[in-house]
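First comes the structure, then the notes that go with it.
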Amino acid sequence: MNMVLVALILVIAFLLLILFYLLSINKKTTVSSKKQLSNNSKKKIDLKDISFPKNIESMDINTLSRAFKSIFDSYKSLDYANKPPNSLDKIEWHTWQVSILLIYLKNKNKFIVANNKIFHNLILALKEQQIDEEIQRILKKYFENANIENDRDKLSRDIIWTARDVSIIFLKIINCK
């Protein structure tokens, strides 16, 4: 009986040692992953390194320009320039639209407007460095949240973008500063 009890205690002690060892490895991995994530979040995301849905990537310049113009017309008709500032924080744009805007920006396409009264004063007051920081925030959000494997229907239901996000992208494309 004493031998069985000693053997049982040894087995339990051995299992506890293995458990502590595995937990210590997991803790080190978690700390390492957090450091890597922290380093990645500080890293600047280059627009040319971001992939987009295949249907958008394969659009010719005319199709892309028409899609861009359609989104721009929608944006303009919503008249964000004359809405209260908190309206810019409203989430009402979907990933399909933002994908088109970002690939338009990626391809360095320009779009000329007669005046910049389509933007809210808060957007127009941003300095170039602030605009670049906002673009980085948007690219990071896109990189982390957009599933480019989804089809147009799914991406059109992925409504995670604010009017501010869309305004910043348009401002960067139009470059009216």
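Here are the numbers for the structure shown:
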quantity	calculated
Listed pairs Lys43/Lys127; Lys83/Lys154; Lys117/Lys154; Lys48/Lys83; Lys69/Lys140; Lys44/Lys69 exceeding 31 Å between Cα atoms	Lys117/Lys154; Lys48/Lys83
Neighbourhood net charge (12 Å Cβ-Cβ; Lys/Arg +1, Asp/Glu -1) for Lys90	-1
Euclidean distance between Cα centres, the range 74-105 to the range 135-169, Å	11
Contact order normalised by residue count of the range 68-177, Cα under 8 Å, 6+ apart, percent	51
Descending semi-axes in whole angstrom, ellipsoid equivalent of the range 40-177, from the Cα gyration tensor	22, 17, 15
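We did not get these values from a lab; they are worked out from the coordinates using the rules stated. Predicted model, so just to flag it, every value in this text is computed and none were measured. Don't worry about glycine lacking a Cβ; one is built from the backbone with ideal geometry, like all the others, and counts go over all protein chains shown.
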